């Protein structure tokens, strides 16, 4: 007789997100996930198949979660310059809270596995490329609304701003204080070519 699931897959996935976020891929184990979640090894392997497949699901879930929280200002339908400023202005406080004490799982994965694993490297690149596309759309609307100089190359500026976002993520995971992140953020925003 087949066994039935007696756990929430979404709750297990969120527990796995936190584990990999805290410890990285190499230092996380299914045994640790069993301890933290209370789900039997059979349930984890029956659901995901392998640690690698579980981590792929974790990265996808993490990307979806970030669209709904930290990136929310940028993803509003008519987001433009005010939403870019709101996004960056909120980062120093958000990134120094307990929820983000380990920085960014995507950035961490890029540093841990980027040169060793093509598939995970592509997932990280895709996440930041999608973030860049969202940032560029905000900048394009800002140009249309005459909030920034129409001569600006919005693609280059979007890449710069997302790289600043990544810098803030790495600084926060390195233990930098809120005021240091605020200074970095304010410096980056001075380069916006306002009209």
- Task: Evaluate E = 1/(1 + (r/R0)^6) for residue 36 and residue 60, where r is the Cβ-Cβ distance and R0 equals 25 Å; express this FRET efficiency to the nearest 0.05.
- Result: 0.80
- Note on the structure: In degrees, nearest 10, the alpha-carbon axis of helix 118-144 is tilted away from the dominant principal axis of the alpha carbons of the chain by 30
- Query: Relative to the present Cα-Cα distance, how much length would full extension add between residue 122 and residue 68 at 0.36 nm per residue of separation?
  - Reply: 17.3 nm
- In degrees rounded to 10, the 0-90 angle between helix 178-189 Cα long axis and the longest Cα principal axis of the chain is 50
- What FRET efficiency, computed as 1/(1 + (r/R0)^6) with R0 = 22 Å and r the Cβ-Cβ distance, is obtained for residue 76 and residue 11, rounded to the nearest 0.05? 0.15
- Query: By how many degrees, 0 to 90 and rounded to 10, does the Cα axis of helix 154-173 deviate from the longest principal axis of the chain?
  - Reply: 50
- Task: Let me know the shape class of region 9-58, please: from the alpha-carbon gyration tensor, a ≥ b ≥ c as square roots of the eigenvalues, rounded when a/c is under 1.5, otherwise prolate if a/b is greater than b/c, or oblate.
- Result: rounded
- Note on the structure: Nearest-0.05 FRET efficiency for residue 145 and residue 191 at R0 = 25 Å, using Cβ-Cβ distance, is 0.85
- Task: Pop a pseudo-label 7 angstrom from the Cα along the beta-carbon direction at both residue 94 and residue 115 and give the gap in nm to one decimal.
- Result: 3.1
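Bear in mind these aren't lab numbers, they're just calculated from the coordinates by the rules spelled out. Given the structure is predicted, the values throughout are model-derived calculations rather than measurements. Please note: Cβ atoms are built from the backbone with ideal geometry, for glycine as well, and neighbour counts cover all protein chains shown.
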